[in-house]
Each structure stands twice: as C-alpha cells, then as structure tokens.
Amino acid sequence: MALRLSLRPHEKIILAGAVVRNGDNRAEIFIENEVPVMRESDILSPHAVHTPCERIYLALQLLYVDPARAEEHRAAVAALIDDVQQAAPSCRGLLAGIADHAAAGRLYQALKSARTLIARERELMNHVSDS
Amino acid sequence: MALGDITLSGGMRNTLNSLQLVSALMARTQERLATGKRVNSAIDDPSAYFAAQNHLSRASDLAARKASMGEAIKTAEAADQGVTGIISLIEQAKGLAASARSGDATERAALAAQFDELMNQIDNLAGDANYRGTNLLDSDNLTVEFNEDGTSTLTITGFDASSSGLGIAAATGSWATDADVDAAVADLDAALTTLRSESETLSSNLGVVTTRQEFTANLIATLHEGADALTLADPNEEGANMLALQTRQQLGIVALSLSAQAQQSILSLF
C-alpha cells in the first residue's frame with residue numbers, strides 16, 4: 001500500500017536520498033514503493049545535537065538516509081549506545097530495544113525509541129541541574 | 001440461550017472495565033520500573049544483585065509466614081468465639097439450676113432434661129469451633145512459625161471444651177433433691193473457672209501472634225527497601241554521568257567523525 005504524506009507549505013522531507021521541499025500550497029503525495037522517508041519534524045538537525053542520546057539519534061538518522069556508508073554508521077551507533085549504557089545503566093532496556101531494531105533494519109522503530117531515550121536523558125539531566 | 005452462553009450484567013461490565021483500566025495502569029508502572037533499575041542482572045553488579053535477591057527471597061518466605069500467622073489468628077479467634085458461646089450456655093444452665101430449687105418434682109425433672117440438652121449443645125458448639133480443620137476447643141494444638149526457617153515458633157495448646165472435658169456431669173436423679181442440683185452448680189462453676197483461664201491464655205497467645213505479624217510486615221517492607229536501594233537507579237548519579245559523557249564525547253573520535261559525516265550528508269540541509 002502506498003504511503004500517503006500531506007505536506008504543509010514549504011515543508012521539507014527526505015525522500016529516498018533526496019531533500020524535497022514543498023511549494024507555497026499544501027500538497028499530498030503518495031510513495032508507491034518502500035524507501036527511507038523522514039519528515040522535517042522528525043529530523044534532528046546536526047547543529048542541534050549536543051547530548052549523548054541526541055548523538056545516537058543522529059547516527060541512526062545517518063544510517064537511515066545514507067545507506068552507502070552503513071557500516072561506519074552502524075559502528076558509530078554501537079559505540080554511542082555503549083557509552084550511554086555505561087553512564088546510565090537504567091536506560092539499558094531502551095538501549096537494547098534500539099540496538100535490536102537497528103540490527104534488524106527497522107530503523108524507523110529505532111528512531112522512535114531513540115526519541116523516548118532522549119526524553120529519558122532530559123529527565124536524568126534535569127535531576128542534576130535542579131539540585 | 002445455550003447453557004454455555006455467558007451474560008454480563010451492567011454492573012459486571014463496569015467492574016470489568018475498571019479492572020482493564022487498572023491492568024493498563026499496572027503495565028505502564030511496570031514498564032517504568034523495568035527501565036528504572038540500575039542492576040537488572042547478575043552481570044551488572046554481582047554482589048549487589050545477589051544481596052538484593054537474598055533480601056527479596058527472604059521477604060517472600062516471610063510473606064508466606066505472615067499469611068499463616070493471619071490464619072493462626074483466625075483459628076484462635078474462632079476458638080475464642082467458641083469459648084464465649086460456651087460461657088453463655090453455661091450461664092443459662094446455672095439459671096436452670098436456680099429455678100429448679102424452687103420447683104416441684106415435675107418441674108425439676110423437666111429442667112434437668114433441659115440441662116442435659118444444654119450440655120449437648122455445648123458439645124456441638126465445641127465441636128464446631130474449628131477453623132481450617134484445627135479446633136482448639138477439641139484439644140488440637142496449633143504451631144505458628146514466625147521466621148523463615150521455622151526455628152522460632154509458638155504452640156497454642158488447645159483443650160477439651162465439651163461438657164465432659166469441662167467436667168460437667170449429666171443431671172443426676174432428675175434433680176429430685178437439692179443435693180443433685182448443688183452438684184450440677186458446682187460442676188458449672190468449675191467449668192467457668194477453667195474456661196476463663198483458657199480464654200486468658202488464648203488471648204495472650206493471640207497478642208503474641210498479632211505482634212509477630214506486625215513485626216513481620218515491617219521486616220518485609222525493610223527487606224524490599226534494602227533490595228531497592230541496592231539495585232534501583234540513582235537519577236542524580238546517572239544524570240551527572242550523562243553530563244560528563246557529553247563533555248567527554250565532544251572531544252571523542254566517534255562524535256567528531258559523526259558530525260563530519262552529518263555535515264557531508266543531506267542532513268546538513270536541515
């Protein structure tokens with residue numbers, strides 16, 4: 001089944017390795033085959049990446065949109081996950097889920113879990129800045 | 001409607017709905033707990049993990065003991081209620097004896113027959129005062145185990161609370177003479193003394209078991225807290241670790257090459 005996307009004016013998406021920008025009007029597009037798709041709202045800009053879990057998200061994004069260098073990105077994901085696991089063992093469950101999804105090629109699910117991870121990271125870091 | 005069909009009334013449906021809500025809530029809580037642990041397996045931190053496991057298994061052993069203490073309390077309460085009932089029957093019997101003194105021979109014989117019937121009822125009551133098969137009013141003993149290996153115990157000794165066990169003889173000579181009635185009254189008074197002293201012992205034992213039950217409940221809570229302290233995540237510590245990691249990564253090869261690749265990729269257009 002085709003994937004239906006409705007785009008707001010000027011919204012950018014990544015579609016099979018291309019960055020596509022919508023014009024002045026709302027648009028509806030159908031993607032007939034299975035290719036990597038990311039909406040602007042799901043994309044974390046490389047400039048906005050600061051924390052360890054945001055780096056995991058960035059590495060997963062690269063793995064998703066840049067399959068040509070998948071091996072390097074995969075190694076980066078593994079190394080970053082390992083770092084966080086050492087620092088915050090309570091995130092182990094989430095991290096294992098992300099690693100599983102990534103290894104099985106379910107990158108969209110991996111990205112989704114990574115968003116939960118970023119929220120959890122924010123919670124942990126708030127504990128420190130509050131006190 | 002076929003026999004196998006099940007109809008749910010409105011009330012049952014409501015209950016079912018709220019049960020489903022509760023189970024959804026529990027699943028969410030468990031998910032949080034699942035991610036909130038610092039030590040999840042023996043590999044993470046063997047000594048903390050096994051210490052916590054010890055605490056938890058002791059807590060669950062004690063929880064079983066606590067449940068059986070609750071049962072013991074109920075058994076003793078059943079016996080105590082039986083004693084109260086028997087005391088009131090004996091007082092009725094004393095009333096019969098008192099009326100017999102002023103009655104004629106026919107009345108005395110009738111009262112004597114009633115007295116024997118009351119004694120029967122005492123036997124029935126004493127026989128029925130069992131709880132889960134243990135009847136402290138039928139000379140059964142009840143051993144309550146307080147700790148997990150069963151080395152600290154209390155035995156509640158039962159006694160025979162039937163009319164013969166209490167030493168009450170059947171009415172003699174249809175209570176024709178005052179001496180017959182006096183003999184019955186003396187038996188009844190002796191039985192009352194026995195019952196009161198047994199009842200005191202029973203309630204003192206009941207107090208001991210109740211105290212141990214509370215103590216066990218507190219101990220279980222303490223063990224759970226101890227296990228949690230060993231394995232639960234310390235958010236402050238983890239937050240500090242994450243901040244430290246953030247700083248360390250800024251200079252690390254992985255993070256640097258990651259941002260370089262991101263700049264070369266289409267992500268740089270966002």
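The values are calculated or read from the model by the stated rules, or taken from the named source; none is laboratory data. In this text the structure is predicted, and so the values were computed from the model without any measurement. Positions of Cβ are backbone-derived with ideal geometry, glycine not excepted, and every protein chain shown enters the neighbour counts.
So the values come out like this:
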| read-out | value |
| --- | --- |
| In segment B:170-179, the residues that are surrounded by 13 or more Cβ atoms within 10 Å (Cβ to Cβ) and either closer than 13 Å to residue B:190 by Cβ or of a type in the set (A, V, I, L, M) (or both) | B:170, B:171, B:176 |
| Some residue of segment B:239-252 being under 30 Å from residue A:36 (Cβ atoms), within 14 Å of another protein chain (Cβ to nearest Cβ), free of Cβ contacts under 8 Å to residues at least 12 places away in the same chain and β-branched (Val, Ile, Thr) | no |
| Number of positions in segment A:75-131 that are farther than 21 Å from residue A:50 by Cα and within 16 Å of the chain's Cα centre (by Cα) | 12 |
| Flag for residue A:105 being surrounded by fewer than 19 Cβ atoms within 10 Å (Cβ to Cβ) and modelled with pLDDT under 90 | yes |
| Top-ranked residue in segment B:210-229 [being within 21 Å of residue B:46 (Cα to Cα) and surrounded by 20 or more Cβ atoms within 10 Å (Cβ to Cβ); ranked as nearest to the other protein chains (Cβ to nearest Cβ)] | B:227 |
| So residue B:79, is it among the small types (Gly, Ala, Ser) and farther than 14 Å from residue B:170 by Cα | yes |
| Residue within segment A:103-111 that is over 27 Å from residue A:41 (Cβ atoms) and not aliphatic (A, V, I, L, M) present | no |
| Any chance residue B:80 is in contact with a Pro (Cβ under 9 Å, 6 or more places away or on another chain), modelled with pLDDT of 70 or more and surrounded by 14 or more Cβ atoms within 10 Å (Cβ to Cβ) | no |
| Every residue from segment A:11-27 that is part of a loop (DSSP other than H, G, I, E, B) and either surrounded by fewer than 15 Cβ atoms within 10 Å (Cβ to Cβ) or not charged (D, E, K, R) (or both) | A:16, A:17, A:22, A:23, A:24, A:25, A:26 |
| Conditions (1) over 15 Å from residue B:241 (Cα atoms); (2) buried (at least 18 other Cβ atoms within 10 Å of the Cβ); (3) without any contact (Cβ under 8 Å) to a residue 24 or more places away in the chain: number failed by residue A:43 | (3) |
| Cross-chain or 6+ apart pairs with Cβ under 8 Å, segment A:66-80 first and within 16 Å of residue A:95 (Cβ to Cβ), then surrounded by fewer than 16 Cβ atoms within 10 Å (Cβ to Cβ) | A:76/B:257 |
